[in-house]
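Chemist: First, the structure itself, so that you have it in front of you.
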Amino acid sequence: MVHITDISLIRMAPQARSKGAIHMNTFCRRGDQVDAESTIPHVIDTAEAALEVIYFAADYPEQSQVIALLLDSDLCGRTIVVVDGTVAPDSAIGVMEMLGEAAAAAGSAQSLVLASVRPGIGPLPGDVDRWLELNELADTFGCELLEWFVISDEVAWCPRDFLVEPPRWPEAS
């Protein structure tokens, strides 16, 4: 058995920010240990690897959540942030702002992958604009947004595809 040290699950309540304070509970709801043969990828350099980790972190049955994967310069997963109760379509933007501010305060550039879980809804008309805004925020804070997935009924869409932008994964370069 190997204790997970490079990926932690952090859950934040929807009211996580009150007067600048952030209240978090840290736990791994699938156990603190995984065996050495675990198929959960630690290097997240493809959309498939990212979705594997996202589906591992997501609640089942699906609930409204924003899931963020924070990656180091080698695209190794270091932290998973799961924010519950994110019913509003713009919830990913608020999460991106919080993570960007934290990265800027820590003085560390981050690569990020975001996922909005929207049970029974799927992509929305404003998602292309949200993708553009998420990218602008990431750039503002010196971060790189590799992908934003919209997940519904275990199907993932990339709003980037609606703009016919190429993937940002290293293999796609």
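Bear in mind these aren't lab numbers, they're just calculated from the coordinates by the rules spelled out. All of these numbers come straight from a predicted model, not from anything done at the bench. Quick reminder, even Gly has a Cβ in these numbers, built from the backbone with ideal geometry, and neighbours come from all protein chains shown.
Chemist: So if I place +1 on the C-beta of Lys and Arg and -1 on the C-beta of Asp and Glu, and nothing else carries charge, what would the dipole magnitude of region 59-160 be about its Cα centre? I want it in debye, nearest 20. Show your work: numbers first, answer last.
Modeler: Details: 4 positive and 17 negative charges, 11 e Å.
Rounded to the nearest 20 debye, it is 60 debye.
Chemist: Still on this structure, please answer the following. Scan around Gln65 for amide H atoms under 5 Å from its own, H built in the peptide plane at 1.01 Å from N, and keep only partners 5 or more places away or cross-chain.
Modeler: Amide H to amide H, under 5 Å and 5 or more residues apart or across chains, Gln65 pairs with Thr86, Val117.
Chemist: Can you check what the net charge comes to around Ile121, using other residues whose Cβ is under 14 Å from the Cβ of Ile121 (Lys, Arg +1; Asp, Glu -1)?
Modeler: The answer is -3.
Chemist: Let me know the shape class of region 35-137, please: from the alpha-carbon gyration tensor, a ≥ b ≥ c as square roots of the eigenvalues, rounded when a/c is under 1.5, otherwise prolate if a/b is greater than b/c, or oblate.
Modeler: Working: a/c = 1.83, a/b = 1.13, b/c = 1.62.
Cα axes put region 35-137 in the oblate bin.
Chemist: Let me ask something additional. Which residues does the label zone of Val128 cover in region 135-173, counting backbone N under 20 Å from a point 7 Å along Cα→Cβ?
Modeler: Answer for region 135-173: 135-137, 147-151, 156-168.
Chemist: With contacts defined as alpha carbon pairs under 8 Å and 6 or more residues apart, what's the relative contact order of region 60-173 in percent?
Modeler: Numbers: 197 pairs, mean separation 29.6, N = 114.
For region 60-173, the relative contact order is 26 percent.
Chemist: Amide H of Phe149 versus every other amide H placed in the peptide plane: which residues, excluding those fewer than 5 positions away on the same chain, fall under 5 Å?
Modeler: Leu114, Ala115, Ser116
Chemist: Taking 0.36 nm per residue of separation and subtracting the Cα-Cα distance, what length does fully extending Ala106 through His42 add?
Modeler: Residue separation times 0.36 nm, minus the Cα-Cα distance, leaves 20.8 nm.
Chemist: Cut-off is 10 Å between beta-carbons; in what order do Ser108, Ser116 appear when sorted fewest neighbours first? Present the calculation step by step, with values, prior to reporting the outcome.
Modeler: On the way: Ser108 13, Ser116 29.
With the fewest neighbours first, Ser108, Ser116 line up as Ser108, Ser116.
Chemist: Under the rule of at least 5 residues apart or a separate chain, name every residue whose amide H is placed under 5 Å from the amide H of Cys76.
Modeler: HN-HN under 5 Å from Cys76: Ile44.
Chemist: So how far, in whole Å, is the C-alpha centre of region 79-96 from the one of region 113-135?
Modeler: Region 79-96 and region 113-135 have Cα centres separated by 11 Å.
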